[in-house]
Each structure stands twice: as structure tokens, then as C-alpha cells.
Protein chains: 2
Amino acid sequence: MSKKKGTRCERELFHMLYDKNFFPVRAAGSGSTPIPNPDIIAGKDGRVLAIECKSLKRDNKFFMEKEIIDLKLFSKKFGAEPWLAIKFNNKGWFFINPKYLSKTKSGNFYMNIKLAKEKGIDFKEFIKRKL
Amino acid sequence: MSKKKGTRCERELFHMLYDKNFFPVRAAGSGSTPIPNPDIIAGKDGRVLAIECKSLKRDNKFFMEKEIIDLKLFSKKFGAEPWLAIKFNNKGWFFINPKYLSKTKSGNFYMNIKLAKEKGIDFKEFIKRKL
């Protein structure tokens, strides 16, 4: 995925959250520093979401082990809920607890559209309920 | 203050916070979107800091009324403590509750080194205690 496409989907989610009265922050240089940072952190009345955000042309997505460990570490220390937000091409957004990722033999993680439909929730549900 | 200098002092504070086990996020495009965003948001075990960060050559600083209203609004909605972090040239960092800003006749706010010394706290105290 290009950097540009990543930024575009982050911006889309940023505005979706703001429209629902969350106050979102896009992290500057997310993924380019050794310090764990999610793509977006959003808060509303003390509920805090730490979000890794992806937009996909294909039906499956691999995540580096470090990316997921960092998301969980950041969330635990900050006091936030860790979430994956994946926009599959033509199938819209899915919000998924990272615990539902499958693990490859090499130690990395993946999510596909089948698993996302099974374990993920849509935006409406996402903003309503806690992890 | 130049954009570059702003970024440099944000980076310095980012690393100071991370060294003290806070998880900081620098906001992308802070100040350039109409959506309120602080320069840095940092969390540790559920304590969340929303920080406007300035570096000054002079001994006083004016803030636009909107900048302060936005910081307070963001903090209230997100569930964060609003803070001003000001690095005065050769005098180091001061962390100040925005309620201590003085107001000009035109409705804007200002902070100077005298007021910062009176009402501000240093980094050590800042990371220890709640607002």
C-alpha cells in the first residue's frame, strides 16, 4: 500500500470519528519512528481508541509482528482500546480486535475478508461499544 | 515562531515524555485543520495530557483566543488535562494550566516569563501530578 493511500484512509476515518463527536488525532510520522504510535488516537468522554488503519485492494492483509505488539503495548500503557480498522475495496470498513488476527508460521499476522466479516464490527457498532 | 522551530520543540518534549514512560503522539497537521488538535497528546496508565507546545526567543507569548478555546474543548471532550508547555530561551521548560493565562483587551491571551515562573511547574513536577 502506498503512503498516500494510507494517509487518505486515515483522513476518512478521522472525519468519520469527528462526525460522531470523537476527538481524533492523526499521529505524525506513525510507523517511521521506533516509538510505538497508532495511526489514529481518538477520545470521547474518557473512552480512548488506538487505531491501526489500513485500506486494501486485495482480500487479505499481513501485519508485521512488531506492528501488532506495538499497538497492544501502546494501548495498554496509554489506557486505550487497541483496534484494527480495515477498509476492504468495495466492502467498506471493518473494525477488529487484534486478538482475532491469525498467525502465520513465520510469526506474522494476517486478516482476510472472511475473518473480518466473522469477527469484525461495522462503524456504527464500533463507536457504540467498548472492546 | 517558524514551523520548523515548533516541530523541534515538539520533538524534544515528545522524547522527554517517552523517557518517563508516557506514550506520546504528535498530531499531524496540528493547527492547520479546523478540527481542534493539541500539538501532543500523551498517556500513561489512564492519565492523558493534551499539550500546546511553544518555544520562545522573547519573554512573552500571545495566544489566539481560538487556540485556547480549542485546547480546552479538545481536553474536555477527549478526557484529557489541558496544558501549555513553553520553553523560554535559556530558561528551560514551564508547564502551565491555561487558566493562568492573562487576557488582553482584544480578547486574546498571553503568558510571560514572570507569570510562568509564578504559576508554572517544571517537568519533574508536571509528570508527577495531575492538573
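The values are calculated or read from the model by the stated rules, or taken from the named source; none is laboratory data. Predicted model only: the values in this text are computed from it and were never measured. Positions of Cβ are backbone-derived with ideal geometry, glycine not excepted, and every protein chain shown enters the neighbour counts.
When only residues in the stretch A:42-69 that are surrounded by fewer than 21 Cβ atoms within 10 Å (Cβ to Cβ) and within 30 Å of residue B:73 (Cα to Cα) count, which is farthest from the other protein chains (Cβ to nearest Cβ)? Checked the stretch A:42-69; the qualifying residue farthest from the other protein chains (Cβ to nearest Cβ) is A:54.
Could you please give the count of residues in the stretch A:84-113 that are outside any strand (DSSP E or B) and either under 15 Å from the mean Cα position of the chain (by Cα) or in contact (Cβ under 8 Å) with a residue 12 or more places away in the chain (or both)? Break it down stepwise before answering.
Step one: list which residues in the stretch A:84-113 are outside any strand (DSSP E or B), which gives A:89-91, A:97-101, A:104-108, A:113.
Adding the requirement that they be either under 15 Å from the mean Cα position of the chain (by Cα) or in contact (Cβ under 8 Å) with a residue 12 or more places away in the chain (or both) leaves A:89, A:91, A:97-101, A:104, A:107-108, A:113.
Within the stretch A:84-113, residues that are outside any strand (DSSP E or B) and either under 15 Å from the mean Cα position of the chain (by Cα) or in contact (Cβ under 8 Å) with a residue 12 or more places away in the chain (or both) number 11.
Residues in the stretch B:61-83 that are in a strand (DSSP E or B) and within 10 Å of the chain's Cα centre (by Cα): B:82, B:83.
Checking each residue in the stretch A:70-81 for being more than 8 Å from chain B (Cβ to nearest Cβ) and either basic (Lys, Arg) or crowded, with 23+ Cβ neighbours inside 10 Å (or both) picks out A:71, A:72, A:75, A:76. Identify the residue in the stretch B:1-11 that is in contact with a strand residue (DSSP E or B) (Cβ under 8 Å, 6 or more places away or on another chain) and over 19 Å from residue B:82 (Cα atoms) and, among all such residues, is modelled with the highest pLDDT. That would be B:8. Residue A:26 passes every criterion in (1) at the interface with chain B (Cβ under 10 Å from one of its Cβ atoms); (2) surrounded by fewer than 22 Cβ atoms within 10 Å (Cβ to Cβ) apart from (2).
Among the listed residues B:77, B:72, B:119, B:128, which satisfies the condition of being over 30 Å from residue A:47 (Cβ atoms) and of a type in the set (Lys, Arg)?
B:119
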